[in-house]
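Asks: Here you go, one structure.
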Protein chains: 2
Amino acid sequence: MKLSEGVEWGLHCVTVLAGLPPRATLPTKALAEYHGLSETYLAKHLQALTNAGIIESLPGPKGGYRLRRAPEEITMLEVVEAIDGREPLFRCAEIRQRSPLTQESAQYRVPCGIHIAMARAEKAWRDALRTQTIADIVSHYQQSTGEQRLQESAEWIAGRMRQI
Amino acid sequence: MKLSEGVEWGLHCVTVLAGLPPRATLPTKALAEYHGLSETYLAKHLQALTNAGIIESLPGPKGGYRLRRAPEEITMLEVVEAIDGREPLFRCAEIRQRSPLTQESAQYRVPCGIHIAMARAEKAWRDALRTQTIADIVSHYQQSTGEQRLQESAEWIAGRMRQI
DNA sequence: GAACGATTACTCGGATACATGGTGTCCGAGTGACGCCGG
DNA sequence: CCGGCGTCACTCGGACACCATGTATCCGAGTAATCGTTC
């Protein structure tokens, strides 16, 4: 089992968009180039983020993507679920019920202990992602990156950015 | 992303094996029949559990599988990792470094905030699975299942079990 | 000079192929139990 | 009656196809800026 590559792409793109001035946009081409990704495939994931209400798209020339909400209001879990789906990691097929000596019975409506334990672990994972916002990521990035590099990035992005 | 079906199979089979008397074994055929699974495919997963040192196999007639350690000493995480692999859910490709303005620099050896956050969430998931042992699952099963059903299961298994 | 309109270039969006890994199956090697034979 | 041996049936183990999901791509629809024309 592994998470989709697109999750990493989406998180990084949202992080970059979070660094833009208010209402400014950045097109797919710039986001793909900045991260060295396939432009067309990245578009697919940006579309998923749009459908999830995390980012929004502006069509036409000078169009592009921008955040729909403040970085503090976007959790990592939202981005992960938008791209990777909201279905649980562990889907219990309740195979315990397939025993040849199983009769139709109400007691089997109770989920098995394995199901409960897996759900608890999954909740811990989701909770950890829910407590981390995009703003936290941006903050960490700014603190862990050199001043020169920060400015170079800002300039590179500013050159492709579209202010309204 | 979803966990392999085999994880559920493995957990249930280990749970059943945990209920056997000491040193007794149960063949693949019985385990598959009990859960309504494909015998040949289940064998593949049991093989993975064997390689992981969780269960052990006895060849020849009257052979089969049995636990290699006490149920209290086997965590759910071990079973999950044995079947699904020990690789991390989120493999950070550090695409932040692919930026066209990236130069070779030591600062990039520091993992990005996204990587750190994902690793923390994954650790929470693993920790939750590590604290749950097979003995806990067995205990929960015995408490949540009716007496009649428990006895029927025990008899069915006893009929296919091989005592040494 | 200003306003209107057609053109145009750029954007996103969904429908379409390819590849990798999980799913499922098969047959062969190995081993201990069983039955037979001889002492 | 007891011990040894050959046969056998049953077990696990690894190598081989199949399918679903993620990966990657393309082309079409839509939109706003731009430029030219006209008043």
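Asks: Over all directions, what mean area does the Cα convex hull of segment B:37-87 project, stated in square nanometres?
Replies: 4.1 nm²
Asks: Can I ask one more? Using the charge dipole of segment B:13-124 (Lys, Arg: +1 at Cβ; Asp, Glu: -1 at Cβ; taken about the Cα centre), state which of B:L89, B:Y41, B:T15 has its Cα farthest towards the positive end.
Replies: Farthest towards the positive end: B:L89.
Asks: State log₁₀ I(q)/I(0) for segment B:1-97 at q = 0.20 Å⁻¹ as given by the Debye formula over alpha-carbon point scatterers of equal weight, solvent excluded.
Replies: After summing over all Cα pairs, the log10 values are -0.95.
Asks: Hey, what angle do you get for helix B:39-51 against the long axis of chain B, alpha-carbon based, 0 to 90 degrees rounded to 10?
Replies: Approximately 70 degrees, to the nearest ten.
Asks: Count, for each residue of A:136-142, the Cβ atoms from other chains sitting within 10 Å of its Cβ, then give me the mean as a whole number.
Replies: 3
Asks: Suppose every Lys and Arg Cβ carries +1 and every Asp and Glu Cβ carries -1, with no other charges. What dipole size does chain A come out with about its Cα centre, to the nearest 20 debye?
Replies: The dipole magnitude comes to about 380 debye.
Asks: If I fit a long axis through the Cα atoms of helix B:113-130 and take the longest principal axis of the Cα atoms of chain B, what angle between them do I get, 0 to 90°, rounded to 10?
Replies: Result, in degrees: 10.
Asks: Against the longest alpha carbon principal axis of chain A, how many degrees, from 0 to 90 and to the nearest 10, is the axis of helix A:134-144 turned?
Replies: 60 degrees
Asks: Quick one: compute the contact order of segment A:4-76, relative version, from alpha carbon pairs under 8 angstrom and 6+ residues apart, as a percent. Kindly include the intermediate steps, with their values, before the conclusion.
Replies: Details: 67 pairs, mean separation 25.4, N = 73.
Relative CO of segment A:4-76 lands at 35 percent.
Asks: Provide the descending list of Cα extents for chain A along its principal axes, expressed in whole angstroms.
Replies: Here the Cα extents, ordered largest to smallest, are 70, 35, 25 Å.
Asks: What's the average, rounded to a whole number, of partner chain beta-carbon atoms within 10 Å of each residue's beta-carbon in B:124-134?
Replies: 5
Asks: Can you show me the helix-derived [θ] at 222 nm for the protein assembly as shown, built from DSSP H runs with n ≥ 4 at -39,500 (n - 2.57) apiece and divided by the number of residues, rounded to the nearest 500.
Replies: Rounded to the nearest 500, it is -16000 deg cm²/dmol.
Asks: Also, quick follow-up: How big is the C-alpha Rg of segment A:1-58 next to the rule-of-thumb value 2.2 N^0.38 Å, as a ratio?
Replies: Dividing the Cα radius of gyration by 2.2 N^0.38 Å gives 1.07.
Asks: Still on this structure, please answer the following. As an exercise, use a Förster radius of 41 Å and the Cβ-Cβ distance of A:N51 and A:E155 to find the FRET efficiency, rounded to the nearest 0.05. Kindly include the intermediate steps, with their values, before the conclusion.
Replies: Working: r = 32 Å, r/R0 = 0.78.
Approximately 0.80, to the nearest 0.05.
Asks: Convert each backbone phi in segment B:24-34 into a coupling constant with the Karplus relation 6.51 cos²θ - 1.76 cosθ + 1.60 (shift: θ = phi - 60°), then list the ³J(HN,Hα) values in order as whole Hz, x for Gly and Pro.
Replies: 6, 10, 9, x, 3, 3, 5, 4, 5, 5, 4
Asks: If the only charges are +1 at each Lys and Arg Cβ and -1 at each Asp and Glu Cβ, what is the size of the charge dipole of segment B:4-92 around the Cα centre, to the nearest 20 debye?
Replies: Taking the Cα centre of segment B:4-92 as origin, the dipole is about 340 debye.
Asks: Along Cα→Cβ at 7 Å, what distances in nm separate the A:P111 label point from those on the other copies, shortest first?
Replies: Those separations, rounded to one decimal, come out as 2.8 nm.
Asks: Put a point 7 Å out from Cα along the line to Cβ at B:R98; what are the distances to that point in the other copies, in nm, shortest first?
Replies: 3.9
Asks: How far is B:K44 from the same spot in each other copy, in nm, shortest first, if each label point sits 7 Å from Cα toward Cβ?
Replies: 2.5
Asks: Put one equal scatterer on each alpha carbon of the protein assembly as shown, apply the Debye formula with no solvent term, and list log10 I(q)/I(0) at q = 0.07, 0.11, 0.13, 0.15 1/Å to two decimals.
Replies: -0.40, -0.76, -0.91, -1.09
Asks: If I model a spin label as a point 7 Å beyond the Cα along the Cα-Cβ vector, how far apart are those points for A:R69 and B:K44 in nm?
Replies: Using points 7 Å along Cα→Cβ, the separation is 4.1 nm.
The numbers here are math on the coordinates, done by the rules we state, and not lab data. Keep in mind that what you see is a predicted model, and the values were worked out from it rather than measured. So basically every Cβ, Gly included, is an ideal-geometry build from the backbone, and we count neighbours across all protein chains shown.
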